[in-house]
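Structure record follows, encoded as structure tokens.
The values are calculated or read from the model by the stated rules, or taken from the named source; none is laboratory data. Only a predicted model underlies this, so the values are computations on that prediction, with no experimental measurement involved. Every residue, glycine among them, receives a Cβ derived from its backbone with ideal geometry; neighbour counts consider all protein chains shown. These area figures cover heavy atoms from the full protein model, side chains too; ligands, DNA and RNA do not enter into them. Shrake-Rupley method; radii C 1.70, N 1.55, O 1.52, S 1.80 Å.
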Amino acid sequence: MADHAISSHPAVQAQLDRLARLSPGADVLGLERIRALLARLGDPHRSLPPVFHVAGTNGKGSTCAFLRAAIEAAGLSVHVYSSPHLVRFNERIRLAGTLIGDEALAGLLAEVLDVAEGIHPSFFEVTTAAAFLAFARTPAAATIVEVGLGGRLDATNVIPDPAVTGIAALGIDHEAFLGRGAATIAGEKAGIAKRGIPLVTMDYAAPLRGRIAQVADAAGAPVIARGRDWHSETARTTTRYRDPGFSVVTHRPRLVGAHQSRNLALAIAMLRHQGTVTVPEAAMRAAADWAQWPARMQRLGAGQLTDRLPAGSELWLDGAHNPSAAAPVARAMRGLALGRPVTVILGMLANKDADGVLRLLAASTNRLIAVPVPGHEHHAPADLAGHAASFGIDSQSAASIEAAIAQVAMPGVVMIAGSLYLAGTALAANGEPPI
């Protein structure tokens, strides 16, 4: 089924089944279909509350989480559109602070599909249209929109006049869609730039900075870059953001990893470089403590998975699916180990760079158990385990996450990683769906 979308609600499932029959069955980049679909729906994307539009290879979801936390800490309501979902399809559409309900979701999907004849929209395009319909009809102070894939040709890029745009960390991913090489991918991400709208960025290597500047200049968008126009520093317990007219010190984010301090700073920079939504300094500080983003260095609580581990173990979860995402996970695992053994339960989609991920995890991992990613084409666990063994990791394979956990005999740190889809399976199995 498209993007492995299932629902326990019969009305939602009926529309998902209908979508699976009508869609082309794969992501097809381009704006023609989404524009035609939205036109039949009355162009709801032109009536959204002020939009914060965020692209990036890694970190864009966390940046959105910090934006949401800051805006809500200011006492304001905010819509959020993100992808993929982990457990429930509803997670993609957060309506004025709350995950969209099943009845409302079923009705919106039906409304979009009823007008889709002849357009052949993709799964993501239908979802995007449904989200924009919901957002346009429900009052809120702001809208946060996470780019699905790339930027220039992503369905979310029909938004004509966002309040601000931003690009999180960049790396190599989705080359089949976005082209080869980091600079090419950076140009695709920068395609969200709009005339006169600030494009807030991290600091990147010179070739990436140059390509982003080129695309932004062609669009008429000013670039607000980390290291030039704004700065951030991370200390043991604090994160500091500063620009020429402002400075704020927050706690280190509750989200684990030094990279999350940079994502928080990017969110603050986006808030600082727009003039539509008023977010005071206190709310920016609160974002460090309030932000939640499931399956990103998340420690799982008591549940059916954690209860199967030896006493004294910790079970962690991260969707790291490419080398750029695996690097901070490897650093975090070294910090968590404290002399204890580290076991990685790894499952990866077939189109992901397993070699690059394994190279980074090898030095932090005592043992690796490779598993399938249910419902998706994936690296065969036996092949993944064999590849891990070539890096000197003690490696086995298992038929499922549950079977892998049954192989853990000693207390230690266990990390489930390699795919957000696998992370969703783990959250469901442990009874911790996002709320």
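Answer with yes or no whether R242 is open to solvent by 40 Å² or more (accessible area, probe 1.4 Å), outside any strand (DSSP E or B) and out of contact with any Asp or Glu (no Cβ under 8 Å at 6 or more places or on another chain).
For R242, the condition - open to solvent by 40 Å² or more (accessible area, probe 1.4 Å), outside any strand (DSSP E or B) and out of contact with any Asp or Glu (no Cβ under 8 Å at 6 or more places or on another chain) - is not met.
A327 versus (1) within 19 Å of the chain's Cα centre (by Cα); (2) in a loop (DSSP other than H, G, I, E, B): which is the lone unmet condition?
(2)
Please verify whether the range 87-106 includes one or more residues that are in contact with a helix residue (DSSP H, G or I) (Cβ under 7 Å, 6 or more places away or on another chain), of a type in the set (A, V, I, L, M), assigned to a helix (DSSP H, G or I) and closer than 19 Å to A287 by Cβ.
no
Across the range 117-152, what is the total count of residues that are open to solvent by 10 Å² or more (accessible area, probe 1.4 Å), of a type outside the set (A, V, I, L, M) and part of a loop (DSSP other than H, G, I, E, B)?
Looking only at that region, the number is 7.
Among the residues of the range 315-352, what is the count of those that are more than 30 Å from L170 (Cβ to Cβ) and either open to solvent by 30 Å² or more (accessible area, probe 1.4 Å) or among the hydrophobic types (A, V, I, L, M, F, W, C) (or both)? Even if it seems obvious, please write down each step before you answer.
Of the range 315-352, the ones more than 30 Å from L170 (Cβ to Cβ) are 315, 338-341, 343.
Filter once more, keeping what is either open to solvent by 30 Å² or more (accessible area, probe 1.4 Å) or among the hydrophobic types (A, V, I, L, M, F, W, C) (or both): 315, 338-341.
Counting residues in the range 315-352 that are more than 30 Å from L170 (Cβ to Cβ) and either open to solvent by 30 Å² or more (accessible area, probe 1.4 Å) or among the hydrophobic types (A, V, I, L, M, F, W, C) (or both) gives 5.
Of everything in the range 74-116, what is open to solvent by less than 30 Å² (accessible area, probe 1.4 Å) and of a type in the set (S, T, Y)? Give them in sequence order.
The answer is Y81, S82, S83.
Pick out the one residue from W290, W316 that is closer than 30 Å to D161 by Cα and not small (G, A, S).
Working: W316 fails: closer than 30 Å to D161 by Cα.
None of the other options fit; the residue is W290.
I'm trying to understand the selection: among the residues of the range 249-289, which are surrounded by 19 or more Cβ atoms within 10 Å (Cβ to Cβ) and outside any helix (DSSP H, G or I)?
Once the filter is applied, which keeps residues that are surrounded by 19 or more Cβ atoms within 10 Å (Cβ to Cβ) and outside any helix (DSSP H, G or I), the range 249-289 yields T250, R252, P253, L255, V256, G257, H273, Q274, V277, V279.
May I ask you to verify whether T156 is without any contact (Cβ under 8 Å) to a residue 40 or more places away in the chain and under 19 Å from the mean Cα position of the chain (by Cα)?
On the way: without any contact (Cβ under 8 Å) to a residue 40 or more places away in the chain: no; under 19 Å from the mean Cα position of the chain (by Cα): yes.
No, not satisfied.
Of the residues that sit in the range 232-250 and are within 18 Å of H273 (Cα to Cα) and of a type in the set (S, T, N, Q), which one is nearest to the chain's Cα centre (by Cα)?
S232
May I ask you to list the residues in the range 292-313 that are polar (S, T, N, Q) and either assigned to a loop (DSSP other than H, G, I, E, B) or exposed (fewer than 15 other Cβ atoms within 10 Å of the Cβ) (or both)? First the steps, then the outcome.
Looking only at the range 292-313, we keep the residues that are polar (S, T, N, Q), and these are 292, 298, 304, 306, 313.
The answer is Q292, Q304, S313.
For residues that are among the small types (G, A, S) and out of contact with any strand residue (DSSP E or B) (no Cβ under 6 Å at 6 or more places or on another chain), scanning just the range 227-244, find the one that is farthest from V256 (Cα to Cα).
This residue is G227.
Could you please find all residues in the range 302-333 being among the polar types (S, T, N, Q) and at pLDDT 95 or above? Outline the logic, then answer.
Taking the range 302-333 and keeping what is among the polar types (S, T, N, Q), we get 304, 306, 313, 322, 324.
Listed by number, the residues that qualify are Q304, T306, S313.
Return yes when I197 is modelled with pLDDT of 95 or more, farther than 26 Å from R40 by Cβ and part of a loop (DSSP other than H, G, I, E, B) and no when it is not. Explain how you work it out, then say what you get.
Details: modelled with pLDDT of 95 or more: yes; farther than 26 Å from R40 by Cβ: yes; part of a loop (DSSP other than H, G, I, E, B): yes.
Yes, satisfied.
I'd like to check which strands (runs of 3 or more DSSP E) are fully inside the range 347-433 and have at least 3 residues that are within 22 Å of A311 (Cβ to Cβ). Reasoning before the result, please.
Details: elements: 367-370, 394-397, 413-417.
By residue number, 413-417.
For the range 409-426, give me the residue count where each residue is out of contact with any Lys or Arg (no Cβ under 9 Å at 6 or more places or on another chain), surrounded by 23 or more Cβ atoms within 10 Å (Cβ to Cβ) and more than 15 Å from A5 (Cα to Cα).
Of the residues in that region, 5 qualify.
Which helices (runs of 4 or more DSSP H) sit wholly inside the range 4-73 and have at least 1 residues that are open to solvent by 50 Å² or more (accessible area, probe 1.4 Å), without any contact (Cβ under 8 Å) to a residue 60 or more places away in the chain and under 28 Å from G166 (Cα atoms)?
Working: elements: 10-22, 32-40, 60-73.
Helices (runs of 4 or more DSSP H) meeting the threshold: 32-40.
For the range 330-341, does any single residue satisfy the condition of being outside any strand (DSSP E or B), free of Cβ contacts under 8 Å to residues at least 60 places away in the same chain, farther than 29 Å from R262 by Cα and not polar (S, T, N, Q)? Even if it seems obvious, please write down each step before you answer.
Residues of the range 330-341 outside any strand (DSSP E or B): 330-341.
In the following step, the residues that additionally are free of Cβ contacts under 8 Å to residues at least 60 places away in the same chain were identified as 330, 334-335, 338-339.
The next check asks that each one be farther than 29 Å from R262 by Cα; those that pass are none.
Scanning the range 330-341 turns up no residue that is outside any strand (DSSP E or B), free of Cβ contacts under 8 Å to residues at least 60 places away in the same chain, farther than 29 Å from R262 by Cα and not polar (S, T, N, Q).
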